[in-house]
Amino acid sequence: MSVSTPPPLPVSRLGHRLSAEPVITQLMRQALQTPGLLSLAAGFTDNAVLPVEMVEAAVARLRADSPSREFLQYGSTHGRPGLRAATAAWLATYAGEEALALDPSQVLIGNGSQQSLYMSAQLFCDPGDIVLVEPPSYFVFLELLKGLGLEARSLPVTSEGRIDLLAFETALQTWQKSGEIRRVKMLYFMGTYGNPSSRCWPEEDKVGLAEVLSRREFVLPVIEDMAYRELWFERPWPARSVLSLPEWRNLPALYAGTFTKPFSTGLKVGYVASHCSEWVEKLARIKGHQDFGSTNFNQAIVEEVLRSGDFGRHLERIRPSYRRKMEALDAGLREAGIEELGWHWQKPEGGLLLWAEAPDDWDTSLEGDFYRMCLEEGVYYVPGDLCFGEGKPRNAVRLSFGVLEEAQLHEAARRFGAAARRYASSVRT
Ligand SMILES: Cc1ncc(COP(=O)(O)O)c(C=O)c1O
């Protein structure tokens with residue numbers, strides 16, 4: 001009996017661009033499906049410190065305090081009013097942000113912060129447009145841009161990885177002359193413990209960026225992603241966000257934050273905030289089309305956790321734990337001897353990620369021998385080339401210390417080192 005193949009689906013241009021599965025989906029599946037494989041790839045948090053008791057207690061209080069059971073009802077598109085207010089109040093607890101004067105109506109709650117990143121790209125960009133990103137950048141964001149038919153273009157950076165403001169202004173001038181500026185629609189950067197580099201932006205760079213944009217009279221929507229801001233190890237990163245810097249007051253800037261990484265990834269509650277109410281309102285309209293509101297129950301839990309002060313207590317508990325894990329990975333990599341092979345990295349001061357670079361001629365990409373050897377040794381990572389819009393150097397890796405416990409991180413580093421030695425000797429021969 002012959003089985004006829006169904007005709008291809010008559011999908012849109014977006015549908016056509018989705019021919020490849022997102023790398024994040026592949027990596028997450030690989031972790032779940034391969035027993036014994038130690039993942040330094042997944043950007044998950046640590047199950048051991050997830051706030052089970054706090055969530056239980058919050059639900060119990062919700063039951064006791066809300067006889068109407070509204071928390072199991074649909075919520076609203078913008079998010080729970082109490083959570084929007086508590087989020088604005090939380091942001092104002094950071095040093096230098098006390099005078100934030102953010103109205104709760106300027107906060108939008110989303111399904112993680114990821115949803116608002118996507119909706120912002122939809123709001124400002126059409127296929128063929130350009131989004132400026134720092135190199136390296138958050139690879140899921142880069143894939144999202146690709147899916148929407150957008151080009152990610154790297155900001156010029158100095159040898160220390162800071163934005164090169166002079167070169168940026170020159171690039172803007174060139175694009176203004178050539179007309180290419182009409183395609184430049186958004187700029188995205190991570191102010192604290194960026195993914196993957198764990199780099200933080202000094203305040204002067206944010207101020208400088210605003211000054212360049214103002215001088216060039218270029219109205220460019222800018223997103224400051226602060227997904228890891230709460231996860232500092234020793235002290236909070238001192239720079240104020242775009243929300244509080246006077247230079248940004250009249251420029252369209254959006255702060256993207258989340259309660260996933262610092263509290264519970266599984267609840268998937270995130271938010272954006274901006275003094276540009278029009279931006280927030282337009283996102284809410286797209287959200288109205290998408291889901292007309294994120295999960296009300298999860299929002300109610302986060303609201304309760306913020307109200308009770310449990311959020312702060314949870315952060316105090318997890319910061320030392322992630323710091324120990326970072327130290328374990330760092331020590332493990334040193335003991336594995338990869339520095340002698342030419343690898344180098346800086347210890348992050350917060351976040352969940354360590355960015356390590358091999359000598360220029362190494363190939364750490366998904367298709368390369370090093371990745372295969374790592375899988376054979378039972379460990380894997382996010383290849384660094386996925387984290388660049390263009391250029392794509394192939395000699396770096398993103399290692400996450402979020403998921404594994406300390407002993408496992410040592411073992412993962414040992415396996416990584418074993419693969420590195422095999423690779424080094426295979427290249428030499
Ligand atoms: C830099 C960055 N921004 C945003 C997100 C999205 O996080 P969520 O949607 O869980 O809030 C992530 C998740 O890994 C991230 O690393």
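Derivation of every value follows stated rules applied to the coordinates shown; laboratory data play no part. Just so you know, these numbers come straight off a predicted model, no measurement behind them. No Cβ is skipped: glycine too gets one built from the backbone with ideal geometry, and neighbour counts run over all protein chains shown.
Tabulated results
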quantity: GluC sites (Glu not before Pro) within the stretch 165-220: DSSP coil, no more than 13 neighbouring Cβ in 10 Å; calculated: Glu217
quantity: R0 of 41 Å, Cβ-Cβ distance Asn250-Ala407: FRET efficiency to nearest 0.05; calculated: 0.20
quantity: Ratio of Rg to Rh over the stretch 131-260 (Cα coordinates, Kirkwood Rh, two decimals); calculated: 0.94
quantity: The chain, helix-only ellipticity at 222 nm - DSSP H runs n ≥ 4, -39,500 (n - 2.57), divided by all residues, nearest 500; calculated: -13000 deg cm²/dmol
quantity: Spatial extent of the stretch 16-139: Rg and Dmax, with the Cα atoms as the point set, Å; calculated: 19.7, 53
quantity: Candidates per chymotrypsin sites (Phe, Trp or Tyr not before Pro) in the stretch 34-130, loop by DSSP, up to 11 other Cβ within 10 Å; calculated: Tyr74
quantity: The stretch 360-427: C-alpha gyration tensor shape, a/c 1.5 cut-off, then a/b vs b/c; calculated: oblate
quantity: Largest-first ellipsoid semi-axes for the stretch 62-197, taking √(5λ) over the Cα gyration tensor eigenvalues, angstrom; calculated: 36, 19, 14
quantity: Pair-distance profile P(r), taking every C-alpha pair of the chain, with 20 angstrom steps and integer %; calculated: 25, 56, 19, 1
quantity: Order of Ser400, Ser426, Ser105 under a 10 Å beta carbon neighbour criterion, fewest first; calculated: Ser426, Ser105, Ser400
quantity: All-pairs alpha carbon distance profile, the stretch 189-266, 5 Å steps from 0, percent; calculated: 3, 15, 25, 24, 16, 10, 4, 2, 0
quantity: Chymotrypsin sites (Phe, Trp or Tyr not before Pro) restricted to DSSP loop in the stretch 259-311 with at most 15 other C-beta within 10 Å; calculated: Phe292
quantity: For q = 0.24, 0.28 Å⁻¹, Debye-computed log10 I/I(0) when each Cα of the stretch 237-307 counts as one equal scatterer; calculated: -1.13, -1.18
quantity: Choice from Gly337, Gly149, Gly36 showing the highest fluctuation, given a GNM over the chain with Cα pairs closer than 10 Å; calculated: Gly36
quantity: Rg and Dmax of the stretch 252-397, Cα atoms only, in Å; calculated: 20.2, 54
